[in-house]
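Notes follow once the structure below has been shown.
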Amino acid sequence: MIVTKSRLLTSILKPQSKIAFPSTLLNVRLKSSTALPDIDSSKLKVTMNSELKKKPLNKDLLFGHSFTDHMLTVEWTATKGWEAPKILPYGKLSLDPSAVVFHYAIECFEGMKAYIDKQGKIRLFRPDMNMNRLASSCKRLTLPAFDRKQFLECVKELLKIDKSWIPKEKGYSLYIRPTAIGTQNSLGVGPSNKALMFVICSPVGPYYKTGFSAVSLYATRDYVRAWPGGTGDAKLGSNYASGIRPQIEVAKDGYQQILWMFGKEDYVTEVGTMNFFCYWINEQGEKELCTPPLDGTILPGVTRNSILSLARDWKEFKVVEKNITLPEIKKASTENRLLELFGAGTAAIVSPIKNIRYNDFDIKVPLDPKDPKAQAGPLTTRFAETIMGIQYGDINHKDWSVVID
Ligand SMILES: *Cc1c(COP(=O)(O)O)cnc(C)c1O
């Protein structure tokens, strides 16, 4: 199949090559993009695990602590392209100590979840967005391109095999961690001539076990998460590595998360590892939901995109992607125009914010004006319930919830 296809493409491209490309350049292009095999789910090789693990009880689940019985791996080399994907017993990888991932952090990942619906079927939430984002993170690191649909088909096969690991209670799910690494065995700094993609899965409970718990943020001046021309819009392990120390420092002072700022204007960018949302009455007196634009410093979250899209459908208030500064938020708070602030991401869906430490000032953020004990505002709660409803198939959505048969 692959041989015929590539021959066909070669013959289509050849006549043009005389006009468009010098022949050497064309050969390189053909070799790297069309002649080599891509990921093909029909070639998947499955080796079942004969020693199945004991599953933790739902009540004992800690985020990312236990893993299912199987994993998916797909290897790539610059000379042979993508090899046949494999599902194997979950286990250790064997890598050479010179593998570039250990030296130059050529690593990116995804975070997505599988849910069990009322009919007992497996569902994914907008998995195409995760595949596209993984491909763009790979591109940023010069890791190879891959057939996203075929890779997703392989992930679905893994989920079918480990289906019994997906917790059934509402709020519980299977966290899926697709990962791509450079595995070239040499210290030269350049595109890796070998790569590995693997997928591991971990059963997880609801982020908030006993209802929401609003967080207090610290707007840091000492550290920056992302900058123009940097890698803030790609899901790279290296972005996370540098955020841990700042997080520990603010946690010592009793703040749960960092509010990342950028520039002398103190633009808000993200909250910890979540996108930032502000619901307020703007200077013109209109109710408005806003979030920073995807200018290269913001991670294009699936949850972010879903919230914007739902809010635009509802047409109940203005929805804008724009830069927001801390002084503007502070001013809105003192003028009683601030309605709700929250973070958004796959782990928690939404995370309500109750306070921001900014310079020597505490910006108090309202939660629910009608209920002094509430830990989330009405709009924050509505986004959480709507998205969760779609994820578990309780609310129909024509393309966001994908059933695996
Ligand atoms: C993953 C991530 C998010 C959230 O993205 P989702 O697709 O909604 O889970 C936000 N910010 C950063 C920095 C992230 O890494």
C-alpha center-to-center spacing [the range 190-221, the range 311-349] in angstrom: 23
Two-decimal log10 I(q)/I(0) for the range 350-401, as the Debye equation yields it once each C-alpha is a single scatterer, q = 0.12, 0.22, 0.23, 0.26 Å⁻¹: -0.41, -0.81, -0.84, -0.94
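Taking the range 134-239, which GluC sites (Glu not before Pro) meet the DSSP loop condition and have no more than 13 other C-beta atoms within 10 Å? Mind showing how you got there, number by number?
Numbers: sites: Glu153, Glu157, Glu169; in loops: Glu169.
Answer in residue order: Glu169.
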Positive-pole candidate from Gly393, Pro293, Ser306, dipole of the range 215-397, charges at beta carbon: Gly393
Angle between the chain longest axis and helix 378-391 axis [Cα atoms, degrees, rounded to 10]: 30
Selected from Gln150, Gln247, Gln284 as most flexible by GNM, with the chain as the system and alpha-carbon contacts under 10 Å: Gln284
Sites matching trypsin sites (Lys or Arg not before Pro) across the range 98-194 that sit in DSSP coil, with at most 10 neighbouring C-beta atoms within 10 Å: Lys118
Within a Gaussian network of the chain (alpha carbon springs, distance under 10 Å), most fluctuating of Ile258, Ile324, Ile244: Ile244
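Where Lys and Arg each count +1 and Asp and Glu each count -1, what net charge lies around Trp82 among other residues with Cβ under 10 Å from its Cβ? Don't jump to the answer; show the numbers that get you there.
On the way: positive: Lys43, Lys80; negative: Asp38, Asp40, Glu75, Glu83, Asp147.
Neighbourhood net charge equals -3.
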The chain - charge dipole about Cα centre, Lys and Arg +1 at Cβ, Asp and Glu -1, debye rounded to 20: 1060
Shape of the range 215-397, Cα gyration tensor, a/c cut at 1.5: rounded
Residues whose placed amide H lies under 5 Å from that of Glu270, excluding near-sequence neighbours: Trp260
Computed accessible area, Leu187, all protein chains, 1.4 angstrom probe, square angstrom: 100
Overall form of the range 94-171 per C-alpha gyration tensor (a/c, 1.5; a/b vs b/c): prolate
Pairs from Lys54/Lys149; Lys53/Lys121; Lys235/Lys287; Lys235/Lys330 whose Cα-Cα separation, in the structure shown, is over 26 Å: Lys54/Lys149; Lys235/Lys287; Lys235/Lys330
Candidates Glu51, Glu270, Glu75: whichever shows maximal mean-square fluctuation once the chain is modelled as a Gaussian network with Cα springs under 10 Å: Glu51
Rel. contact order, % - alpha carbon contacts under 8 angstrom, at least six apart, the chain: 16
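Can you give the helix-only mean residue ellipticity at 222 nm for the chain, where every DSSP H stretch with n ≥ 4 adds -39500 (n - 2.57) and the sum goes over all residues, rounded to the nearest 500 deg cm²/dmol? Could you put the intermediate results ahead of the total?
Working: 9 runs with 110 residues, N = 405.
Per the formula, -8500 deg cm²/dmol.
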Rounded accessible area of Asp360 (nearest 10 Å², 1.4 Å probe): 140
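Starting from the residue with the highest accessible area, list Leu338, Leu141 in decreasing order, probe 1.4 Å.
On the way: Leu338 10, Leu141 30 Å².
Greatest to least solvent exposure: Leu141, Leu338.
Hey, can you find the accessible area per residue of the chain for me, probe 1.4 Å, expressed in square angstrom? Could the numbers behind the result be given before it?
Working: 20370 Å² over 405 residues.
Accessible area per residue, the chain: 50 Å².
With every protein chain kept in the model, how would you rank Asp405, Asp60, Asp40 by accessible area, 1.4 Å probe, largest at the top?
Numbers: Asp405 140, Asp60 85, Asp40 40 Å².
From most accessible down to least: Asp405, Asp60, Asp40.
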Range of Cα positions in the chain per principal axis (Å), largest first: 68, 51, 43
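Which number do you get for Rg(Cα) / (2.2 N^0.38 Å) in the range 248-336? Please report the intermediate quantities before stating the final value.
Working: Rg = 13.9 Å, N = 89, 2.2 N^0.38 = 12.1 Å.
The reported ratio for this selection is 1.15.
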Listed residues Ser137, Ser238, Ser41: farthest to the positive end of the dipole of the chain (Cβ charges): Ser41
Heavy atoms of His65 accessible to a 1.4 Å probe, total area in Å² rounded to 10: 130
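With r as the distance between the Cβ atoms of Glu83 and Arg177 and R0 = 30 Å, compute the FRET efficiency 1/(1 + (r/R0)^6) and round to 0.05. Walk me through the numbers on the way to the answer.
Details: r = 21 Å, r/R0 = 0.70.
So, using R0 = 30 Å, E works out to roughly 0.90.
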Heavy-atom accessible area order for Thr142, Thr381, largest first, 1.4 Å probe: Thr142, Thr381
Lys/Arg +1, Asp/Glu -1 at C-beta; the range 138-297 dipole; positive extreme among Gln150, Phe277, Phe262: Gln150
On Cα atoms only, tilt of 302-314 relative to the major axis of the chain in degrees: 60
Where GluC sites (Glu not before Pro) fall in DSSP loop in the range 293-360, at most 16 other Cβ within 10 Å: Glu316, Glu335
Between 0 and 90°, nearest 10: helix 2-20 axis offset from the chain longest Cα axis: 80
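The values are calculated or read from the model by the stated rules, or taken from the named source; none is laboratory data. Computed from a predicted structure; not experimentally measured. Don't worry about glycine lacking a Cβ; one is built from the backbone with ideal geometry, like all the others, and counts go over all protein chains shown. Just the protein is used for accessible areas: all its heavy atoms, side chains included, with ligands, DNA and RNA removed. Shrake-Rupley method; radii C 1.70, N 1.55, O 1.52, S 1.80 Å.
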